[in-house]
Amino acid sequence: MAKFERIVNVPAGSKLILQGNAAFALGVIHAGYHAATGYPGTPSTEVIDRSLAHAQDRIKVGWSVNEAVAVSTAAGHSTAGFDAVVTMKIPGVFQAADAITTTAFFTGRAGALVIFAVTDYVPSSTQHVIDPRYFFASARLPVLEPRNHQEMYEIACIAADMSRKFKTPVIVLASGILAHSEALIVTKEPRTIEPRELPDNLHDWMLMPNIARANYNRVTRERIPAIKKWCESTDLVAETYGSDDWGIIVNGESEIIVREALKIINANPSILSLAITNPLPENRIKDFVKNIKGKLFVIEDGHRFLEEKIRLLNIEVTGKDELSIITNWTPEDVLGFLSDHIDINYTSEKKDIPIQPILRPASICPGCAYKALALAVAKLKRRGKIYAAFGDIGCSTLLYFFNALDTCSCMGASDSIRQGFVLSRPDMANKVISVIGDSTECHAGMDSTRNAVFRNVPGVKIILDNYTTAMTGGQPAPSSPLNLEGQPHKFSLSKAIEAEGGRTVVVDAFDLKGVEKELKEALKLAEKNIYTTIILEGECIREVESKKLIRKIEIDYEKCTKCDLCSNICPGIETDEDKTPHFTSLCTNCASNNQVCMQLCPFDAIVISDEKEKIKDTPPKLTKPEAIETVHVDAELLPASLRVAIRGIGGQGNLFFGRVLSEVALRTPYAETHIVKGDTLGMAQLGGPVISTFNCGEVFSPVPAPNSVDVLVVMELSEVLRPGFLGLLKHDGTIIINNFTALPANVKKEDYPALQDIEKVLEGYKVLKIDANKLAFELGDKSGRTANVIVIGLLSTIKPFNNIPEQIWQAALLSVSPDDFTKAINDLAFRKGRECLN
């Protein structure tokens with residue numbers, strides 16, 4: 001994704017490859033919005049975090065403490081006459097439900113108010129898959145659903161104009177697939193919008209019950225019909241008539257999924273594509289239906305909102321079954337669904353894999369400040385001192401995999417559930433705890449803290465304070481020293497909690513003995529009807545300056561007894577076959593705090609390094625690559641499309657792999673067609689399985705269809721076994737496998753799939769093996785970070801990718817390498833990969 005500050009001023013007609021969230025953010029700037037706010041929530045965060053936050057000279061932007069506050073703040077901007085957007089994920093919609101439904105019935109002449117809400121129907125990082133369109137429709141709110149990345153960019157302008165024209169908030173309901181994938185867009189001419197003048201008074205924003213009733217009637221009978229009439233002639237509705245006698249009605253992102261599927265089977269039905277689903281353009285739908293002689297299908301993400309609305313028009317359609325669990329269509333789902341109803345010349349070729357891939361749950365980062373608590377709680381649970389730990393959303397949820405958390409509910413609910421449990425079972429006040437992160441406490445948890453004091457509910461609440469909103473990428477929270485604008489503020493989490501009236505204790509999160517001591521003490525006090533909040537303070541490892549991450553501890557093998565205890569402490573330590581421990585490149589030195597592994601070792605075998613005797617690695621001597629001459633490639637030498645799918649684990653550089661491929665495509669005739677790539681983000685990047693896809697040419701979706709991918713790349717050996725992955729490969733396609741294995745925390749080596757079993761699964765496939773991590777080490781890259789570049793080098797020599805000249809690959813690689821050292825090492829790694837087939 002391009003640096004946002006570099007692209008806000010690009011001229012109209014510029015071609016950019018942007019993440020969907022960044023495309024929408026750029027559209028916000030170019031549409032002339034004045035303000036933006038929201039609450040971080042995957043998959044919506046990047047609209048502000050990586051985009052609008054870097055354009056503060058063009059727009060007033062800042063995070064709010066939760067979604068309800070954000071909606072009302074944006075409503076305030078709008079009331080003042082300024083265009084505003086508010087961002088959130090779908091659970092945030094329901095957290096802000098009161099604010100949303102109230103502002104829906106303001107009728108004053110104001111600035112635009114646009115609510116950008118992103119679905120996660122998979123889900124990848126959300127606790128439910130509820131379809132919010134029913135809620136929005138009952139609030140009489142127009143709902144726009146962008147169909148592709150270009151429309152993600154353009155929809156910001158359309159939504160703002162609608163909001164001002166019809167005096168209504170407008171919902172932009174974007175698919176998480178679009179939000180977190182990247183594609184080629186073309187920019188338009190930016191505009192400037194002058195704020196509206198203030199009215200004589202703000203009585204149009206008064207909603208006493210009798211006024212609210214009158215406004216509801218007016219909105220239902222006047223506003224919604226006016227929008228319905230308007231959408232009959234808008235480009236948000238599009239018909240394409242095909243040669244087949246059957247048709248499909250699609251909405252939002254499902255259009256590109258359907259088109260990707262139809263491309264594979266060469267089907268050509270008529271398609272009605274909707275980017276507005278409330279209200280519906282009823283006349284356009286009826287006119288389209290008149291031209292369909294065969295079956296008519298509805299394919300939509302979420303539940304069956306669109307299908308049900310169309311059925312109310314007395315139109316017979318075929319949609320998902322009543323008990324269907326499809327909430328996010330894939331091309332494979334589409335092909336299977338259609339083949340159940342009509343003959344489309346498609347037969348599923350699912351391969352039965354007799355061995356299961358290894359489980360890779362997302363994990364807390366090496367050196368995470370939460371580790372000491374995880375160890376302490378797990379220990380007390382084993383000893384019967386703790387029955388259960390109640391949790392909610394955030395990095396703290398990952399403590400589940402260390403037996404330190406038992407439940408997960410919505411934001412801020414952990415202590416409320418604990419309180420209800422204790423009120424029903426008062427004898428267990430000293431046997432249960434709640435765990436919550438600092439940003440979540442500021443979001444919705446503080447109400448529970450106050451409730452415990454108000455209702456005199458004894459027990460223990462633990463706030464893990466890492467000074468940031470960590471799970472979504474480190475956005476500032478009230479517990480952070482600075483806000484998004486870079487300004488200091490006076491909020492103090494510990495003082496706020498103390499002011500609620502309960503017993504408050506602050507502990508160093510890295511002090512293993514201190515954490516356990518205070519936890520035991522608080523549990524004892526719970527027997528005496530005392531409510532304690534323990535705040536564990538320790539900076540998020542991802543926010544620490546790099547010099548604090550350099551390992552300064554080592555193993556004293558004379559003291560080590562090979563007890564294997566340390567191998568389960570952290571991914572920063574692993575043991576070999578005879579249980580001898582070694583530090584890995586993942587060790588972060590616990591950010592130079594009191595290293596947890598050293599505290600836990602019962603034999604004092606982990607010690608501070610002797611700097612005098614420590615041998616320092618000498619970085620390789622590298623020569624800065626020379627500038628690459630521009631090379632043109634004949635379009636006739638290239639296939640109609642290219643597709644790659646890359647599987648690995650978080651931290652192996654899948655995102656960079658995709659960036660390089662995108663830059664390669666931009667330097668070829670594919671820039672005149674389409675370029676799209678998809679990536680797994682959110683919790684999966686924390687050690688979990690990751691898939692990235694890249695497609696260019698005659699392509700539509702970041703989600704490829706079965707048997708359509710030219711090359712599968714496997715960066716971690718066992719990841720080739722993931723369900724459906726091998727089924728993506730063309731019959732004449734190639735698999736590149738990197739001979740690298742990574743064992744997840746708390747997984748035994750004997751549970752890892754045997755090499756011979758994996759090789760048996762791959763019999764009959766064209767497989768190229770490479771030990772990219774070993775080759776990277778030979779180049780002087782001890783961390784293995786250039787392994788992905790070595791694989792890119794190998795990919796550039798394989799058909800059909802070898803039709804693209806080497807100079808284009810090199811130019812693309814250097815363009816995304818940030819400094820001279822990185823350019824040099826990446827160039828060396830790329831050339832090393834190209835030599836692998838020689």
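The values are calculated or read from the model by the stated rules, or taken from the named source; none is laboratory data. Remember, predicted model here, so these are calculated numbers, not experimental data. Note that we place each Cβ from the backbone using ideal geometry, even for glycine, and neighbour counts take in every protein chain shown. To get the accessible areas, we keep the full protein, side chains included, count just its heavy atoms, and leave off ligands, DNA and RNA. Shrake-Rupley method; radii C 1.70, N 1.55, O 1.52, S 1.80 Å.
Using DSSP to call loops (not H, G, I, E or B), can you name the trypsin sites (Lys or Arg not before Pro) in segment 464-538 whose Cβ has at most 11 other Cβ atoms within 10 angstrom? Could the numbers behind the result be given before it?
Numbers: sites: Lys490, Lys495, Arg503, Lys513, Lys517, Lys520, Lys524, Lys528; in loops: Lys490, Lys528.
Here the trypsin sites (Lys or Arg not before Pro) that fit, given the DSSP loop and packing criteria, are Lys490, Lys528.
With a 1.4 Å probe and all protein chains left in place, how much accessible area per residue does the chain have, in Å²?
Values: 36010 Å² over 838 residues.
Accessible area per residue: 43 Å².
If contacts are Cα pairs under 8 angstrom and at least 6 residues apart, what is the relative contact order of segment 231-294 in percent?
Numbers: 84 pairs, mean separation 30.9, N = 64.
Once normalised by length, the contact order is 48 percent.
Quick check on packing: order 642-654, 414-426 by the mean number of other C-beta atoms within 10 Å, highest mean leading.
Working: 642-654: 23.4, 414-426: 19.8.
Per-residue Cβ counts within 10 Å, averaged per peptide and sorted highest first, yield 642-654, 414-426.
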Calculate the FRET efficiency for Thr102 and Ser233 from the Cβ-Cβ distance with a Förster distance of 25 Å, rounded to the nearest 0.05.
0.20
So for the chain, taking the charge dipole from beta-carbon charges (+1 Lys/Arg, -1 Asp/Glu), which of Met715, Gly13, Gly502 sits furthest toward the positive end?
Gly502
Apportionment of accessible area to carbon and sulfur, segment 271-341, percent (1.4 Å)
45
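If you take every DSSP beta bridge fully contained in segment 620-727, what fraction is antiparallel? Give it as a percent rounded to 5.
Working: 14 of 18 bridges.
Once the DSSP bridges in segment 620-727 are tallied, antiparallel ones form about 80 percent.
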Distance from segment 95-120 to segment 308-369 (C-alpha centre basis), Å:
31
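Give me the number: length gained by fully extending Asn594 to Gln356, i.e. 0.36 nm times residue separation minus the C-alpha to C-alpha distance, one decimal in nm. Please report the intermediate quantities before stating the final value.
Details: separation 238, 0.36 × 238 = 85.68 nm, distance 3.89 nm.
Net length gain for the segment: 81.8 nm.
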Taking each pair of distinct Cα atoms in the chain once, what is the resulting Kirkwood hydrodynamic radius in Å?
28.9
Can you send over the solvent-accessible area of Met446, 1.4 Å probe, protein chains only, in Å² to the nearest 10?
30
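Compute the length gained on full extension between Glu778 and Thr240: take 0.36 nm times their separation in residues and subtract their Cα-Cα distance, giving the result in nm to one decimal.
On the way: separation 538, 0.36 × 538 = 193.68 nm, distance 5.54 nm.
Difference between extended and current length: 188.1 nm.
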Taking Lys60 as the anchor, which lysines have their alpha carbon closer than 26 Å to its alpha carbon, excluding any fewer than eight residues away along the same chain?
Lys3, Lys89, Lys165, Lys167, Lys188, Lys490
Taking the Cβ of Pro366 as the centre, find all other residues whose Cβ is under 14 Å away and add up their charges (Lys, Arg: +1; Asp, Glu: -1).
+3
Loop-only check: which trypsin sites (Lys or Arg not before Pro) in segment 241-315 are DSSP coil with at most 13 other Cβ within 10 angstrom?
Lys293
Can you tell me the length gained on complete extension of the stretch Arg542 to Val816, counting 0.36 nm per residue apart and subtracting the Cα distance?
96.4 nm
Through the Karplus equation 6.51 cos²θ - 1.76 cosθ + 1.60, θ set to phi - 60°, convert the phi angles of segment 763-776 into ³J(HN,Hα) values in whole Hz; use x for Gly and Pro.
4, x, 9, 7, 10, 10, 9, 8, 9, 5, 5, 5, 4, 4
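Leaving out ligands, DNA and RNA, what percent of the accessible area of segment 28-178 is carbon and sulfur, probe 1.4 Å? Intermediate values should be presented prior to the final figure.
Working: 2090 of 3850 Å².
Of all accessible area on segment 28-178, carbon and sulfur atoms account for 54 percent.
If contacts are Cα pairs under 8 angstrom and at least 6 residues apart, what is the relative contact order of segment 380-497 in percent?
On the way: 205 pairs, mean separation 26.7, N = 118.
This gives 23 percent for segment 380-497.
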Expressed in square angstrom to the nearest 10, the accessible area of Ile735 with a 1.4 Å probe stands at 0
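Rank by packing, highest mean first: peptides 180-192, 350-362, 99-111, with packing defined as the count of other Cβ atoms within 10 Å averaged across residues. Each step should come with its number before you reach the end.
On the way: 180-192: 19.0, 350-362: 14.6, 99-111: 20.5.
Highest mean packing first, the order is 99-111, 180-192, 350-362.
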Simple SL model, points at 7 angstrom along Cα→Cβ for Ile550 and Ser138; separation in nm is 5.9
Just to make sure I understand: if all protein chains stay in place, what is the order of His674, His303 by accessible area at 1.4 Å, largest first?
His303, His674
List the residues, sorted by chain then number, that are 5 or more residues from Leu405 or on another chain and whose placed amide H is less than 5 Å from its amide H.
Tyr400
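Among bridges DSSP assigns within segment 214-344, what percent are antiparallel (round to 5)? Can you show the working numbers first?
Numbers: 4 of 14 bridges.
Around 30 percent antiparallel, to the nearest 5.
Highest mean first, how do 47-57, 76-86, 628-638 rank when packing is the count of other Cβ atoms within 10 Å averaged over residues?
Values: 47-57: 22.1, 76-86: 24.5, 628-638: 12.0.
Listed from highest to lowest mean packing, they are 76-86, 47-57, 628-638.
Percent relative contact order of the chain, based on C-alpha pairs within less than 8 angstrom and at least six residues apart? Kindly include the intermediate steps, with their values, before the conclusion.
Working: 1746 pairs, mean separation 83.9, N = 838.
Dividing the mean separation by the residue count of the chain yields 10 percent.
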Looking only at the chain, where both bridge partners belong to it, what percent of the DSSP beta bridges are antiparallel (to the nearest 5)?
35
Place a point 7 Å from the Cα of Phe491 in the direction of its beta carbon; the residues of segment 62-85 whose amide N falls under 19 Å from it are 62-77
What's the center-to-center distance, using Cα atoms, between segment 625-671 and segment 761-789 in Å?
19
Whole Å is fine, so just give me how far the alpha carbon centre of segment 718-735 lies from that of segment 373-419.
38
